[in-house]
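> The structure is given below, and queries will be raised subsequently.
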Amino acid sequence: MNADWLHALEEKLTRLKDRGSFRQLVPTSEAALPWLTRENCRLLNLASNNYLGIADSKEFIERTEQLASSYAIGSTASRLIIGNHPLYEEAEYELTKWKKTEAALIFGSGYMANVGIISSIVGRGDAVFSDKLNHASIVDGCQLSRADHLRFRHNDMDHLETLLQKSPHKQKLIVVDALFSMDGDHANLHDLVTLKERYGAILMVDEAHSGGVYGATGGGLVEELGLNDRVDIQMGTFSKALGSYGGYVAGAKPFIEYLLNHARSLIFTTALPPYIVASHLAALQIVQEQPWRREKVQVLGERLRNGLEQLGFSLCGSESYIVPVLIGNNHDLLLVSESLQAAGIAAIPVRPPTVPRGEGRIRLTVTASHTEEDIDWAIEQFQRLPLVGRRELTP
């Protein structure tokens, strides 16, 4: 064992601890439920991305088991090696209907989808225009593509247009999150569509945190705004509102066929197990049959935002069921997180580099499994906190 190497790693870990940036895994059970168990404590779960409450639904589990009961556990190889499992064909067909596109393709995860899509469709000599608050998987896809990576200020359409005007690149890709996972606000999709058409760009929208909750059928923010025919690429995940695991992309048939031949994160990885793909089908059925789930999570999200705003907390412009409570420096952030856990709330501190330095926050998420009483109780616990993070004391 290389002792010098291990010593250097230990020094780096010590610096992380000194900055309050050290991360570690915490044993947790019942994480799909509205109340979870951590270190023998029962905590209100305001940390889950299970927005529609599907993951813990008995109906979801039963439908999945019924669809997958006759199949093996493992898929045994990549889809292009072993062949395409029948459940994939069914799930991707349902995705095309749901997303109102010509074709769709399932990836092993949302991260793999973003990395595979972006690095396949742009390269050296091209340009990617990416919102500064886009998810890390988008950033990594841009870097792996070797295209010029041009970041525009968050939701700043004037800045984006300036970059597009100056761009000499033949191929231009604009990519944004539909719902930003750390701020809880929406992308300006109408303006983005206008700019992409004006400058001959491709527009890719990541619906990871909005898919399932927005739109008449839960198809996402693109559906809600009636932009299905004007957005070139719709990417999303099954691991959040849809309660399962995996990623997907939907778009024109030539684009999907191109990915099948170029997306390395699809070609060179083992396919998802049949059980997981069966869960995709079950989730797509439930999200379209039960609109009450998305209606409830929106109402509860508004209830939480209103309550915390009345207490003087800054919520980073949130307009959704993702409710970030801005605290600031890591020291104060960790104190608030510990206080909330002691009060009975599982509320996760989000620190740099996930968010900009000095903008540490408690990221709260609401699900359809919560009750109004849960939300009101959570607001009461925030009211009992020290004034750290409230507007009147914010520098």
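> Could you point to the residue in Leu173, Asn114, Ala208 farthest towards the positive end of the stretch 102-231's charge dipole, with +1 and -1 charges on the Cβ of Lys/Arg and Asp/Glu respectively?
About the Cα centre, the residue reaching furthest to the positive side is Leu173.
> Arg151's amide H: which non-local residues (gap 5+, or another chain) put their own amide H closer than 5 Å, with H modeled 1.01 Å from N in plane and none for Pro or chain starts?
Ser130
> Here's something else I'd like to know. Is there a quick way to get the dipole size of the stretch 1-121? I mean about its Cα centre, with the Cβ of Lys and Arg at +1 and of Asp and Glu at -1; what is the value in debye to the nearest 20?
400 debye
> While we're here: How many angstrom separate the Cα center of the stretch 305-364 from the Cα center of the stretch 193-215?
Between the Cα centre of the stretch 305-364 and that of the stretch 193-215, the gap is 28 Å.
> Moving on to the next point. Compute the distance in nm between two label points, each set 7 Å from the Cα along the Cα-to-Cβ direction, one at Val299 and one at Glu10.
Computed distance between label sites Val299 and Glu10 equals 5.7 nm.
> Ranked by accessible surface with a 1.4 Å probe, highest first, in what order do Met182, Met1 come?
Met1, Met182
> So how strong a dipole does the chain carry about its Cα centre when Lys and Arg Cβ are +1 and Asp and Glu Cβ are -1, to the nearest 20 debye?
900 debye
> How many nm separate the modelled label positions at Glu197 and Gln381, each set 7 Å beyond the Cα in the direction of the Cβ?
4.7 nm
> Here is a follow-up. Roughly how many Å² is the accessible area per residue of the stretch 240-395, as a whole number, for a 1.4 Å probe?
Ligands and nucleic acids excluded, the figure is 43 Å² per residue.
> What length, rounded to one decimal in nm, is gained on full extension from Leu334 through to Glu102, with 0.36 nm per residue of separation minus their alpha-carbon distance?
78.8 nm
> Could you give the length gained by full extension between Glu89 and Lys253, i.e. 0.36 nm per residue of separation minus their alpha carbon distance, to one decimal place?
Length difference between fully extended and current span is 57.6 nm.
> Roughly how far apart, in whole Å, are the Cα centres of the stretch 103-139 and the stretch 10-59?
27 Å
> Now, a different point. Where a ≥ b ≥ c are the square roots of the eigenvalues of the C-alpha gyration tensor, would you call the stretch 38-130 rounded, which needs a/c under 1.5, or, failing that, prolate if a/b is larger than b/c, or oblate?
Judged from the Cα gyration tensor, the stretch 38-130 comes out oblate (a/c at least 1.5, b/c at or above a/b).
> May I pose another question? Could you rank Ile61, Ile121 by how accessible they are, 1.4 Å probe, largest area first?
Ranked list, largest accessible area first: Ile61, Ile121.
> Lys97 accessible area, nearest 10 Å², 1.4 Å probe?
Lys97 has an accessible surface of roughly 110 Å² with all protein chains in place.
> Decide, for the stretch 221-281, between rounded, prolate and oblate: order the square roots of the alpha carbon gyration tensor eigenvalues as a ≥ b ≥ c, take rounded if a/c falls under 1.5, and otherwise choose prolate if a/b is larger than b/c, else oblate.
Cα axes put the stretch 221-281 in the oblate bin.
> Using the Cα centre of the chain as origin and beta-carbon charges of +1 (Lys, Arg) and -1 (Asp, Glu), tell me which of Phe129, Ile375, Gly226 is placed farthest towards the positive end of the dipole.
Among Phe129, Ile375, Gly226, the one farthest towards the positive end of the dipole of the chain is Phe129.
> Using a basic spin-label model with each label point 7 Å from the Cα along Cα→Cβ, how many nm lie between Arg153 and Asn40?
5.2 nm
> Based on the Cα gyration tensor of the stretch 75-199, what are the three equivalent ellipsoid semi-axes, each the root of five times an eigenvalue, rounded to whole Å and given largest first?
Rounded to whole Å, the semi-axes are 29, 17, 14.
> Convert each backbone phi in the stretch 246-252 into a coupling constant with the Karplus relation 6.51 cos²θ - 1.76 cosθ + 1.60 (shift: θ = phi - 60°), then list the ³J(HN,Hα) values in order as whole Hz, x for Gly and Pro.
Couplings: x, x, 8, 9, 9, x, 5 Hz.
> Related question: For the stretch 117-182, which whole percent of the accessible surface, found with a 1.4 angstrom probe, sits on carbon and sulfur atoms?
That fraction is 44 percent.
> Now for a different question. Residues of the stretch 1-15 with the amide nitrogen closer than 18 Å to a label point 7 Å from the Cα of Phe22, along Cα-to-Cβ, please.
6-15
> Follow-up question, since we're still on this one. Calculated from DSSP H runs of 4 or more alone, at -39500 (n - 2.57) each and per residue, what is the 222 nm mean residue ellipticity of the chain, nearest 500?
After summing the helix terms and dividing by residue count, I get -12500 deg cm²/dmol.
> Which lysines, on any chain, are close to Lys132 with Cα under 23 Å apart, when same-chain ones fewer than 8 places away are left out?
Lys166, Lys170, Lys172, Lys196, Lys240
> Can I ask one more? Tell me which label goes with the value of percent of Cα pairs over 31 Å apart computed from the coordinates here: [x] 60; [y] 41; [z] 38.
Of the listed options [x] 60; [y] 41; [z] 38, [y] comes from this structure.
> Quick check: from the Cα gyration tensor, does the stretch 75-123 come out rounded (a/c under 1.5), prolate or oblate?
oblate
> Hey, what do the phi angles of the stretch 318-333 turn into as Karplus ³J(HN,Hα) couplings, whole Hz, using 6.51/-1.76/1.60 and θ = phi - 60°, x for Gly and Pro?
Here the 3J(HN,Hα) series is 4, 9, 8, 7, 9, 10, x, 9, 6, 10, x, 6, 4, 4, 5, 4 Hz.
> For Ile73 and Gln165, what is the calculated FRET efficiency with R₀ set at 41 Å and r taken between the beta-carbons, to the nearest 0.05?
Result of the calculation: an efficiency of 0.15.
The values are calculated or read from the model by the stated rules, or taken from the named source; none is laboratory data. Source: prediction; values computed, not measured. Ideal geometry is used to build each Cβ from the backbone, glycine not excepted, and the neighbour counts take in all protein chains shown. Side chains included, ligands, DNA and RNA excluded: accessible areas come from the protein's heavy atoms. Shrake-Rupley method; radii C 1.70, N 1.55, O 1.52, S 1.80 Å.
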